[in-house]
Amino acid sequence: MRNNKTGAAEIAPQDINPPATKLIADWDALMRAFIRPEDEACRKTLVKYMEQILFGLHDFLRQHVGITEAISLKELAECFTETRINENPEKRLADVIRELISDISPHAVNVASPYFVGHMTSALPFFMVHLKTIAAALNQNVVKLETSKVFSILEKQVLAKIHRLIFNFSDDFYRQNVQNIHTTLGSFAEGGTTANLTALWVARNMVFSPQEDFAGIEADGLAAAYHYYGVKKSVILVSRRGHYSLRKAGGILGIGNRNIIPIDVDSEHRLDINCLVDTIQAIKKEGGTKIIAVVGIAGATETGAIDPLREIGEICGREKIFYHVDAAWGGPTLLSERHRHLLDGIELADSVTIDGHKQFYMPMSCGMVYFKDPYIMDNVAYHANYVNRRGSVDLGIRSLSGSREANSLVLDSALKIMGKNGYALLIDHGIITARDFAEEIKRRRMFELVTRPQLNILTYRLCPPHLKQVLLQGSEEERAAATSQLNEINRTVQRIQREAGKSFVSRTTLMRKQDERGVIVLRGVIMNPMTNMTILSEILDEHETIYRAHFQ
Ligand SMILES: *Cc1c(COP(=O)(O)O)cnc(C)c1O
């Protein structure tokens, strides 16, 4: 590793030192690796490295968010072209760790920077790394009781805590269900994607459930189910802002991703209730189509918009349609007394997705899905003779995943360390700072706020006064030309800012209706408690500076 003149580290193949002593794979070395670090000196080194990992792996990146082009992706890729596995050990553990810390990590992205406000990945509370390390060290597998014991029990407890946060049933309900081996209040998954898939899998199996003379869709498949129920297709309804994981679910569940039907959104990018009602009526009138579920979003990925959860829930209740709420992002807002009303109506859902690695600030990766009905996951139960036997506590019986880590240890401990009020501070900071950010954007002549922050996500764009004027008063053609020009400006500014590596906001293209022209917007996600208005103002200044340098 050498430092170039910009101070960024470069990797050169010749920098990888040959080992001092010849490394061989022998039984003694292997045994030592299983028992403890190679020797006392090595142990000290490893502890030192652990310290370095825990106390600031990102020393290099203090100043930069790390999307910098100081070393291009192409150059970096040229350093990673080895495709053969060595016959003998190449490196000692200590060398591998040193290399990871000083050579590789500097080229990672410093998502912990308060200037990194473009994605749903951010700084972690310090203790999360400790908790995750404990989970790794214990290496429990919660697929079954025999490899996890207390951690299966702990998982049921934390699932009940979050279930209560969402659905708030009676003390009695939780007393009966918290450790009930026959009921399931929810399930951990790899992420929001698989959590959504789990919810819709359950919904699909409910709609095409077994009958006296039909074994059900899970057993006999889609063709048999459609034939038995006399339908030609089945659909899932979700706003145009729905996460693309829902379309994946359409593919995997066999109903086809084109049958994830997009519902138009209102001017605030929330599902348009009238459009939903019309779509449901049209489907019913036409016949031959089953609605598997309606999905409401609590914090859309692009805009942070919250669908009218209560109204959707009431419609689903009336029409007897399964109601899933994708709260992968917004779910933890429920921890804030001040802002939980934003998710009003979420308790009407049949199922709710929440990501642990988003606003629970857990390390990658942790998704969760919760079900109102504690027996509904029987629709996806699987048994095997060597694990997950009937009547056992094995969590793998009702779960899309097989083997998986004891993530509940991280979440349950985090809830103890933070308390509702601790998390509420983070949630409130994000929402309030996003609102202040929106005000600052509105104050500046060079900008336009595109979507106000309903939670802690907002979109905006550079929009110089002369183009604002055209958008207000120009002919249709002139407005279209201005939109194209603005799209070009915002695309370019975002790219240059990212490459400069000092700060980062993301960009997306928003459309309200199918036929609408896309508007390229900058997207800010405020979740790092260190991000403040001084930093956000600097980011806006930087946008303006880049604009002036390239477009004036
Ligand atoms: C992030 C997100 C997802 C997908 O979650 P992953 O953890 O990335 O799989 C789904 N829905 C919404 C609303 C999200 O924000």
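The values are calculated or read from the model by the stated rules, or taken from the named source; none is laboratory data. Note that the structure is predicted; figures quoted are calculated from it, not measured. Positions of Cβ are generated from backbone atoms using ideal geometry, with glycine treated the same way; all protein chains shown enter the neighbour counts.
What do you reckon, is LEU334 in a helix (DSSP H, G or I), crowded, with 21+ Cβ neighbours inside 10 Å, within 16 Å of the ligand (Cβ to nearest atom) and not aromatic (Phe, Trp, Tyr)? So LEU334 fits the description; yes.
Taken over region 362-391, the residue count meeting the criterion of being part of a loop (DSSP other than H, G, I, E, B) and surrounded by fewer than 20 Cβ atoms within 10 Å (Cβ to Cβ) is 17.
Scanning region 254-272 for residues that are buried (at least 19 other Cβ atoms within 10 Å of the Cβ), more than 21 Å from the chain's Cα centre (by Cα) and hydrophobic (A, V, I, L, M, F, W, C) gives ILE255, ILE263, VAL265. Contact map, region 70-93: residues that are over 27 Å from CYS42 (Cα atoms) paired with residues that are assigned to a loop (DSSP other than H, G, I, E, B) and among the hydrophobic types (A, V, I, L, M, F, W, C), Cβ distance under 6 Å, separation 6+ or inter-chain. Pairs shown: ALA70/ALA8; CYS79/ILE11. When residues in region 418-437 are screened for being surrounded by fewer than 20 Cβ atoms within 10 Å (Cβ to Cβ) and out of contact with any helix residue (DSSP H, G or I) (no Cβ under 6 Å at 6 or more places or on another chain), 9 of them pass. State yes or no: is PHE169 of a type in the set (A, V, I, L, M, F, W, C), outside any helix (DSSP H, G or I), modelled with pLDDT of 95 or more and more than 22 Å from the chain's Cα centre (by Cα)? Against the criterion (of a type in the set (A, V, I, L, M, F, W, C), outside any helix (DSSP H, G or I), modelled with pLDDT of 95 or more and more than 22 Å from the chain's Cα centre (by Cα)), PHE169 qualifies.
Within region 403-413, the set of residues being under 16 Å from ALA195 (Cβ atoms) and in a loop (DSSP other than H, G, I, E, B) comprises ARG404, GLU405.
Conditions (1) away from the ligand (no atom under 16 Å from the Cβ); (2) within 15 Å of ALA305 (Cα to Cα); (3) aliphatic (A, V, I, L, M), marked per residue:
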{"residue": "TYR228", "(1), (2), (3)": "yes, no, no"}
{"residue": "ILE236", "(1), (2), (3)": "no, no, yes"}
{"residue": "LYS248", "(1), (2), (3)": "no, no, no"}
{"residue": "ILE252", "(1), (2), (3)": "no, no, yes"}
{"residue": "ASN257", "(1), (2), (3)": "no, no, no"}
{"residue": "PRO262", "(1), (2), (3)": "no, no, no"}
{"residue": "LEU271", "(1), (2), (3)": "no, yes, yes"}
{"residue": "CYS275", "(1), (2), (3)": "yes, no, no"}
{"residue": "LYS284", "(1), (2), (3)": "yes, no, no"}
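Does ILE397 count as over 24 Å from LYS144 (Cα atoms) and either in a helix (DSSP H, G or I) or more than 27 Å from the chain's Cα centre (by Cα) (or both)?
On the way: over 24 Å from LYS144 (Cα atoms): no; either in a helix (DSSP H, G or I) or more than 27 Å from the chain's Cα centre (by Cα) (or both): yes.
Answer is no for this residue.
Checking each residue in region 135-152 for being part of a helix (DSSP H, G or I), of a type in the set (Ser, Thr, Tyr) and in contact (Cβ under 8 Å) with a residue 12 or more places away in the chain picks out only SER152. Listed residues SER413, SER403, SER399; which is more than 25 Å from HIS269 (Cα to Cα), loosely packed, with under 15 Cβ neighbours inside 10 Å and not aliphatic (A, V, I, L, M)? None of the others qualify; the one that does is SER403. Taking HIS341 and the conditions (1) free of Cβ contacts under 8 Å to residues at least 40 places away in the same chain; (2) within 13 Å of the ligand (Cβ to nearest atom), which numbered condition does it fall short on, given that it satisfies the others? The one condition HIS341 does not meet is (2).
For region 44-52, check the following and say yes or no: at least one residue is outside any loop (DSSP other than H, G, I, E, B), surrounded by 10 or more Cβ atoms within 10 Å (Cβ to Cβ) and at pLDDT below 65. Working first, answer last.
Within region 44-52, the first condition is being outside any loop (DSSP other than H, G, I, E, B), and the residues that meet it are 44-52.
Remaining after also requiring surrounded by 10 or more Cβ atoms within 10 Å (Cβ to Cβ): 44-52.
Checking which are at pLDDT below 65 leaves us with none.
Among the residues of region 44-52, not one is outside any loop (DSSP other than H, G, I, E, B), surrounded by 10 or more Cβ atoms within 10 Å (Cβ to Cβ) and at pLDDT below 65, which makes the answer no.
Only one entry in ILE104, ILE97, ILE85 is buried (at least 18 other Cβ atoms within 10 Å of the Cβ), farther than 26 Å from LEU415 by Cβ and among the aliphatic types (A, V, I, L, M), namely ILE97. With respect to ASP307, determine if the residue is under 30 Å from ALA438 (Cα atoms), within 16 Å of the ligand (Cβ to nearest atom) and modelled with pLDDT of 95 or more. Considered against the rule, which asks whether it is under 30 Å from ALA438 (Cα atoms), within 16 Å of the ligand (Cβ to nearest atom) and modelled with pLDDT of 95 or more, ASP307 comes out as yes.
Being of a type outside the set (Gly, Ala, Ser), at pLDDT below 95, within 30 Å of ALA123 (Cβ to Cβ) and touching a strand residue (DSSP E or B) at 6+ places or on another chain (Cβ under 8 Å) is a property that ARG498 has.
Taken over region 345-361, the residue count meeting the criterion of being touching a helix residue (DSSP H, G or I) at 6+ places or on another chain (Cβ under 6 Å) and either part of a loop (DSSP other than H, G, I, E, B) or touching a residue at least 40 places away in the same chain (Cβ under 8 Å) (or both) is 11. Looking for something closer than 30 Å to PRO332 by Cβ and crowded, with 23+ Cβ neighbours inside 10 Å - is there at least one such residue anywhere in region 273-287? Checked against the condition, which is being closer than 30 Å to PRO332 by Cβ and crowded, with 23+ Cβ neighbours inside 10 Å, region 273-287 yields at least one hit.
If the condition is being farther than 21 Å from ALA434 by Cβ and in contact with a helix residue (DSSP H, G or I) (Cβ under 7 Å, 6 or more places away or on another chain), then region 318-344 contributes GLU319, PHE322, TYR323, HIS324, VAL325.
Residues checked against (1) over 25 Å from the mean Cα position of the chain (by Cα); (2) in a loop (DSSP other than H, G, I, E, B):
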| position | (1), (2) |
| --- | --- |
| ASN86 | yes, yes |
| ILE97 | yes, no |
| ILE101 | yes, no |
| SER105 | no, no |
| MET120 | no, yes |
| PRO125 | no, yes |
| HIS130 | no, no |
| THR133 | no, no |
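This table checks each residue for (1) within 16 Å of the ligand (Cβ to nearest atom); (2) in a loop (DSSP other than H, G, I, E, B); (3) buried (at least 19 other Cβ atoms within 10 Å of the Cβ).
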position	(1), (2), (3)
LEU154	no, no, yes
VAL158	no, no, yes
HIS182	no, yes, no
SER187	yes, no, yes
THR194	yes, no, yes
ALA199	yes, no, yes
ARG204	no, no, yes
SER209	no, yes, no
